[in-house]
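A.B. asks: Supplied in structure tokens, the structure appears directly below.
The values are calculated or read from the model by the stated rules, or taken from the named source; none is laboratory data. In this text the structure is predicted, and so the values were computed from the model without any measurement. Because the Cβ atoms are built from the backbone with ideal geometry, glycine has one as well, and the counts that use them run over all protein chains shown. These accessible areas exclude ligands, DNA and RNA; they are computed on the full protein's heavy atoms, side chains included. Shrake-Rupley method; radii C 1.70, N 1.55, O 1.52, S 1.80 Å.
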Amino acid sequence: MPNARILIVDDDPLIARMYETRMKAEGYDVEVATNGEEALATVRKETPDLILLDVMMPKLNGVETLKILKGEEKTKKIPVIILTNLGDRPEDVANAKKLGALDYLVKTQVSLKELSEKVKSVLGA
């Protein structure tokens, strides 16, 4: 899916830039938000095809953001992949998926190549 729009939501500028650079190199249009509030404002303006969502963020964390996204008619069908450094405790993974996350990935356990493959599979590219 060329020119699919991806929203990267991460408060760490280095991580956000790393993901943004990789996704742009893959041919995607990329937006970056630094917290949940910013992400919601961005999504309400222009709907992305996929959201990569961090959990630990200021203002509105990833779980709260996910609940809001999945609770609104306009945004509930957008695929969301959780990307976190929190670790992959089974209860966190189960909760994120119950709330509507498509997948739950731990940043330190997934390479850029693996993330890129996951994005391609989600977007049907």
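A.B. asks: How much accessible surface does Lys74 have with a 1.4 Å probe, in Å² rounded to 10?
C.D. replies: Rounded to the nearest 10, that gives 110 Å².
A.B. asks: If you put +1 on each Lys and Arg Cβ and -1 on each Asp and Glu Cβ, how big is the dipole of the chain around its Cα centre, in Debye rounded to 20?
C.D. replies: Value, rounded to 20: 300 debye.
A.B. asks: Going by accessible area, probe 1.4 Å, with all protein chains left in place, what is the ranking of Met56, Met23, Met18, largest first?
C.D. replies: From most accessible down to least: Met56, Met18, Met23.
A.B. asks: Percent of Cα-Cα pairs more than 26 Å apart in the chain, please.
C.D. replies: Within the chain, distances greater than 26 Å cover 10 percent of Cα pairs.
A.B. asks: Okay, moving on. Whenever you get a sec, compute what percent of the accessible area on the chain sits on carbon and sulfur atoms (1.4 Å probe).
C.D. replies: Carbon and sulfur atoms account for 53 percent of the accessible area of the chain.
A.B. asks: Going Cα to Cα from Lys59, which lysines come in below 20 Å? Please leave out same-chain ones fewer than 8 positions away.
C.D. replies: Lys45, Lys67, Lys70
A.B. asks: Something else about it: Taking R0 as 22 Å, what FRET efficiency do you get between Ala41 and Asp12 from their Cβ-Cβ distance, rounded to the nearest 0.05?
C.D. replies: Approximately 0.65, to the nearest 0.05.
A.B. asks: Starting from the residue with the highest accessible area, list Arg22, Arg44 in decreasing order, probe 1.4 Å.
C.D. replies: Arg44, Arg22
A.B. asks: A follow-up question, please. In debye, nearest 20: dipole of region 9-73 around its Cα centre with unit charges on the Cβ of K, R (+) and D, E (-)?
C.D. replies: Result for region 9-73 is approximately 40 debye, rounded to the nearest 20.
A.B. asks: Still on this structure: Using a 1.4 Å probe and ignoring any ligands, DNA or RNA, find the accessible area of Tyr28 and quote it in Å² to the nearest 10.
C.D. replies: 10
A.B. asks: A follow-up question, please. Distance from the Cα centre of region 43-61 to that of region 100-125, in angstrom?
C.D. replies: 15
A.B. asks: Okay, next question. Kindly state, to the nearest 0.05, the FRET efficiency for Ile68 paired with Thr108, given R0 = 30 Å and r defined as their beta-carbon distance.
C.D. replies: 0.65
A.B. asks: On average, how much accessible surface per residue is there in the chain, in Å², for a 1.4 Å probe, leaving out ligands, DNA and RNA?
C.D. replies: For the chain, the per-residue accessible area is 51 Å².
A.B. asks: By accessible area of protein heavy atoms, probe 1.4 Å, what ranking do Leu86, Leu14, Leu53 get, highest first?
C.D. replies: I get Leu14, Leu86, Leu53, largest accessible area first.
A.B. asks: Same structure, new question: For Ala33, which sequence-distant residues (separation of 5 or more, or a different chain) have an amide H within less than 5 Å of its own amide H, given hydrogens modelled in the peptide plane?
C.D. replies: Amide H to amide H, under 5 Å and 5 or more residues apart or across chains, Ala33 pairs with Ile8, Val9, Asp10.
A.B. asks: I would also like to ask the following. Run the 1.4 Å probe and let me know the accessible area of Glu73, rounded to the nearest 10 Å².
C.D. replies: Only protein atoms counted, so the area is about 140 Å².
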